[in-house]
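Novice: Questions regarding the structure given below will be posed in turn.
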Amino acid sequence: MMQSLFHVVFREHVPLAAYTTLEIGGPARFFAEVGTENQVVEAFEFAEARNLPIFILGGGSNILVSDAGFDGLVLRMALRGIKQQAGDAVVAAAGEDWDAFVRWCVEHGLAGIECLSGIPGSVGGTPVQNVGAYGQEVAEVIVSVRVLDRTRRQVVTLSNQDCGFAYRTSIFNASQRERYVVLTVSYDLRTSGEPRVAYPDLVRHFADRSDPPSLGEVREAVLSIRGSKSMVIRPEDPNSKSAGSFFKNAFVTPDMVQKVEEVARRRGTLKRGELMPQYPMADGGVKLSAAWLIEHAGFAKGYARGRVGLSSRHTLALINRGGATAQELLDLMRDIQSAVRASFGVELIPEPVFVGF
């Protein structure tokens with residue numbers, strides 16, 4: 001164990017499974033928690049002096065760590081702080097728990113992220129994945145992201161446009177994957193704004209209401225719906241030992257939709273006049289439900305294979321049924337991809353970050 005100038009404690013050979021929602025993964029060569037921007041810089045200097053790769057760890061909710069672990073420095077972001085600025089802007093530090101931040105905003109009457117309740121992870125991870133659910137995504141409300149630019153070795157602020165947001169992606173996990181470290185995120189929320197009730201599950205939940213629900217009621221509804229699908233991390237729920245949705249929904253052309261439907265009808269999956277779940281997009285493409293494709297390729301909810309399987313409540317969640325290895329989960333992932341490809345000609349893209357592979 002070593003200690004730096006800014007009191008960063010570097011531990012060695014730290015098992016990472018306990019820091020992930022999948023509870024899978026080998027040790028980190030070095031591991032440190034950083035609570036200030038100075039400590040972030042110090043930790044990077046430590047790693048650079050030893051030629052170590054760095055992995056930034058937030059809430060551990062969207063990652064799969066290899067059985068061999070990570071042969072470098074795992075930096076756990078513990079920066080804290082929430083500050084409401086002039087107008088409706090709220091700045092949150094990267095290490096803040098995401099759901100706790102959503103709760104804080106709802107309690108302060110700030111609309112714009114209430115449908116993102118219950119999503120595990122940290123604030124710093126939200127711009128990276130462009131987190132979204134139930135009809136909202138953070139790209140709609142992020143004003144700017146304050147980051148450490150590793151290339152220029154200085155702290156800079158990126159605008160919403162600079163971040164290159166798209167479906168579950170941004171420059172942070174795509175074109176500039178290794179360049180930036182998120183420090184704070186600024187959100188433009190709406191004081192006394194109405195909650196968004198557009199997603200089908202929410203519309204059904206409030207179908208019997210004559211008056212519009214409050215922000216708090218929408219948050220509780222989202223938590224209830226997510227909980228019913230085991231998409232809220234609860235120690236007593238074995239289905240929640242997952243990385244959330246393991247596959248992204250598939251984006252295809254209208255021609256591809258027709259081909260997939262023709263295959264489904266030949267197989268008897270779709271009856272005459274019946275359509276599979278599909279969502280037209282503004283760019284002319286179509287989003288297909290990855291869950292539907294998986295189920296009709298032969299992997300039903302609750303599918304079990306030894307120590308891994310699918311949640312009994314949510315087809316997209318690959319779960320650790322107890323003592324699973326990363327390799328076992330990868331094997332299941334590849335078999336699902338292969339079955340969907342063979343059945344429908346659609347390639348499913350995994351959503352989690354793969355660490356140490």
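Novice: Please list 279, 199, 303 in order of solvent-accessible area, largest first, computed with a 1.4 Å probe with all protein chains present.
Specialist: Ranking 279, 199, 303 by accessible area, largest first, yields 279, 199, 303.
Novice: On a 1.4 Å probe surface of the protein chains, which of 204, 76 comes out largest in accessible area, and what is the full order?
Specialist: Values: 204 155, 76 80 Å².
Largest accessible area first, the list is 204, 76.
Novice: Which value, in Å² and to the nearest 10, is the accessible area of residue 267 when all protein chains are kept and the probe is 1.4 Å?
Specialist: Rounded to the nearest 10, that gives 110 Å².
Novice: Take every Cα pair under 8 Å in the range 225-342 that's 6+ residues apart, average their separations, divide by the length, and report that relative contact order as a whole percent.
Specialist: 26 percent.
Novice: Relative to the present Cα-Cα distance, how much length would full extension add between residue 191 and residue 11 at 0.36 nm per residue of separation?
Specialist: Length difference between fully extended and current span is 60.5 nm.
Novice: Can you list the aspartates and glutamates whose alpha carbon sits under 16 Å from that of residue 301, skipping same-chain ones fewer than 8 residues off?
Specialist: Residue 301 reaches 237, 335.
Novice: In whole Hz, with x marking every Gly and Pro, tabulate ³J(HN,Hα) for the range 308-318 from phi via Karplus 6.51 cos²θ - 1.76 cosθ + 1.60, θ = phi - 60°.
Specialist: So the Karplus estimates, Gly and Pro as x, are 10, x, 10, 4, 6, 10, 8, 4, 6, 8, 7 Hz.
Novice: For the chain, just list the percent of Cα-Cα distances falling in each 10 Å bin from zero outward, please.
Specialist: 5, 22, 31, 27, 12, 2, 0, 0
Novice: To continue, here is another question. log₁₀ I(q)/I(0) of the range 135-175 at q = 0.20, 0.24, 0.28 Å⁻¹, via Debye over equal Cα point scatterers, no solvent, to two decimals?
Specialist: -0.64, -0.86, -1.05
Novice: Which whole-number percentage describes the relative contact order of the chain, with Cα contacts under 8 Å and a sequence gap of 6 or more?
Specialist: Relative contact order comes out at 16 percent.
Novice: Over the range 308-357, with every protein chain in place, what whole percent of the accessible area is carbon and sulfur at 1.4 Å, could you tell me?
Specialist: Carbon-and-sulfur percentage of accessible area, whole number: 46.
Novice: Right, here's the next one. Run down the aspartates and glutamates and flag those whose C-alpha is under 19 Å from the C-alpha of residue 83, throwing out any fewer than 8 positions away in its chain.
Specialist: 37, 96, 97, 99, 107, 114, 188
Novice: Counting only Cα atoms, I'd like the Rg/Rh figure for the range 5-114, Kirkwood definition for Rh. Each step should come with its number before you reach the end.
Specialist: Values: Rg = 16.2 Å, Rh = 15.4 Å.
My calculation of the ratio gives 1.05.
Novice: Could you please state, rounded to a whole Å, how far the C-alpha centre of the range 260-303 is from the C-alpha centre of the range 24-78?
Specialist: Measuring centre to centre over Cα atoms gives 39 Å.
Novice: Rounded to the nearest 10 degrees, what's the angle between the helix 215-228 long axis and the longest principal axis of the chain, both from Cα atoms, 0 to 90?
Specialist: It is inclined by approximately 70 degrees.
Novice: Also: Just to confirm the number: angle between the C-alpha axis of helix 98-107 and the first principal axis of the chain, 0 to 90 degrees, nearest 10?
Specialist: 80 degrees
Novice: Moving on to the next point. Please give the solvent-accessible surface of residue 106 in Å², to the nearest 10, using a probe radius of 1.4 Å with every protein chain present.
Specialist: Counting only protein heavy atoms, the figure is 20 Å².
Novice: Can you tell me the 0 to 90 degree angle between the C-alpha axis of helix 326-344 and the longest principal axis of the chain, rounded to 10?
Specialist: 30 degrees
Novice: Could you work out the per residue convex hull volume over the alpha carbons of the range 63-123, in cubic angstrom?
Specialist: Spelled out: Cα convex hull of the range 63-123, divided by residues, is 92 Å³.
Novice: While we're here: Keeping all protein chains in the complex and leaving out DNA, RNA and ligands, what accessible area do you get for residue 223 with a 1.4 Å probe, in Å² to the nearest 10?
Specialist: 30 Å²
Novice: Now a separate question. What would the Debye equation give as log₁₀ I(q)/I(0) for the range 55-186 at q = 0.12, 0.13, 0.20 Å⁻¹, counting only Cα atoms as equal point scatterers?
Specialist: -0.44, -0.51, -1.24
Novice: If N is the number of residues in the range 255-357, what value comes out of its Cα radius of gyration divided by 2.2 N^0.38 Å?
Specialist: Normalised Cα radius of gyration, the range 255-357: 1.17.
Novice: For n ≥ 4 DSSP H runs only, could you compute -39500 (n - 2.57) per run for the chain, divide by its residues and tell me the 222 nm figure to the nearest 500?
Specialist: Value at 222 nm, helices only: -7000 deg cm²/dmol.
Novice: Less than 14 Å apart at the alpha-carbon level, and either on another chain or at least 8 residues along: which aspartates and glutamates does that give for residue 271?
Specialist: 261, 262
Novice: Using a probe of 1.4 angstrom, how much of the accessible area of the range 93-179 is carbon and sulfur, in percent?
Specialist: 44 percent
Novice: What ³J(HN,Hα) values, in whole Hz, does the Karplus curve 6.51 cos²θ - 1.76 cosθ + 1.60 give for the range 235-249 when θ = phi - 60°, with x put for Gly and Pro?
Specialist: So the J values, rounded to whole Hz, are x, 7, 9, x, 5, 8, 7, 8, 9, x, 5, 7, 10, 7, 4.
Novice: For the chain, what is the accessible area per residue in Å², given a 1.4 Å probe and the full set of protein chains?
Specialist: In whole numbers, the chain has 46 Å² accessible per residue.
Novice: Roughly what % antiparallel, to the nearest 5, for the DSSP beta bridges in the range 17-81? Don't skip to the answer; put the middle values down first.
Specialist: On the way: 0 of 10 bridges.
For the range 17-81, the DSSP antiparallel bridge percentage is about 0.
Novice: Oh, and also: Compute the signed sum of charges (Lys and Arg +1, Asp and Glu -1) over the other residues within less than 11 Å, Cβ to Cβ, of residue 129.
Specialist: 0
The values are calculated or read from the model by the stated rules, or taken from the named source; none is laboratory data. Here the structure is a predicted model, which is why all the values come from computation and not from measurement. Using ideal geometry, Cβ is built from the backbone for each residue, glycine included, and neighbour counts are taken over all protein chains shown. Accessible surface areas use protein heavy atoms only, side chains included; no ligands, DNA or RNA. Shrake-Rupley method; radii C 1.70, N 1.55, O 1.52, S 1.80 Å.
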